[in-house]
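The values are calculated or read from the model by the stated rules, or taken from the named source; none is laboratory data. Note that the structure is a prediction, hence the values are computed from the model and not measured. Note: ideal-geometry Cβ built from the backbone for every residue, glycine included; neighbour counts use all protein chains shown.
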Amino acid sequence: MIHRIYISAAPLEQIRSGAKTIEIRLLYPKRQKIKVGDEIIFRTRGNLGKIKIKVKALHVFASFKELFEKLDKTKLGCKLEDMDKYYSPEKQRKYGVIGIEVAK
């Protein structure tokens, strides 16, 4: 299955270069459909850049705090404070979070 996810230009380039190998998001219902072996097309708004990757592994947690405690931070390409700024604790509790490990 192929999924499409919008991403900002900087993280897209981090994935492209291999510096970022885990994309983290809230575990919305549409993301619950992602399975290991699926493909994801990450693209920027305005279609200024895109990359197609394969899902290598999925890491599900209750919160970004737990995710940052368990996963290698060098693969995430961001800080816990960044995620907490975008996603409230209430949304994290409601949906959970996912780390999508990618392979080119």
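Filtering region 57-104 to residues that are modelled with pLDDT under 95, closer than 21 Å to Leu12 by Cβ and among the small types (Gly, Ala, Ser) leaves Gly77, Ala103.
Counting only residues that are in a helix (DSSP H, G or I) and among the polar types (S, T, N, Q), how many does region 74-90 have? Summing the residues that are in a helix (DSSP H, G or I) and among the polar types (S, T, N, Q) in region 74-90 gives 1.
Of the residues making up region 38-50, those that are at pLDDT 95 or above and surrounded by fewer than 17 Cβ atoms within 10 Å (Cβ to Cβ) are Asp38, Glu39, Ile41. Evaluating Lys70 against the criteria (1) free of Cβ contacts under 8 Å to residues at least 60 places away in the same chain; (2) within 18 Å of Met1 (Cβ to Cβ); (3) of a type outside the set (Asp, Glu); (4) surrounded by fewer than 14 Cβ atoms within 10 Å (Cβ to Cβ) leaves one unmet condition, (2).
Among the residues of region 1-21, those identified as assigned to a loop (DSSP other than H, G, I, E, B) and either in contact with a helix residue (DSSP H, G or I) (Cβ under 7 Å, 6 or more places away or on another chain) or among the aromatic types (Phe, Trp, Tyr) (or both) are Lys20, Thr21. Based on this model, can you work out whether Ile24 counts as more than 14 Å from Glu101 (Cβ to Cβ), part of a strand (DSSP E or B) and either in contact (Cβ under 8 Å) with a residue 60 or more places away in the chain or under 14 Å from the mean Cα position of the chain (by Cα) (or both)? Taking the combined requirement at face value, the residue does not satisfy it. Considering region 1-21, the residues that are closer than 16 Å to Gly99 by Cα and among the polar types (S, T, N, Q) include one that is farthest from the chain's Cα centre (by Cα), namely Gln14.
Answer yes or no as to whether Thr44 is in contact with a helix residue (DSSP H, G or I) (Cβ under 7 Å, 6 or more places away or on another chain) and either within 26 Å of Glu66 (Cα to Cα) or of a type in the set (Gly, Ala, Ser) (or both). It is false that Thr44 is in contact with a helix residue (DSSP H, G or I) (Cβ under 7 Å, 6 or more places away or on another chain) and either within 26 Å of Glu66 (Cα to Cα) or of a type in the set (Gly, Ala, Ser) (or both). Look at (1) surrounded by fewer than 17 Cβ atoms within 10 Å (Cβ to Cβ); (2) among the hydrophobic types (A, V, I, L, M, F, W, C); (3) within 18 Å of Ile7 (Cβ to Cβ) and you find that Ile34 fails only one, number (1).
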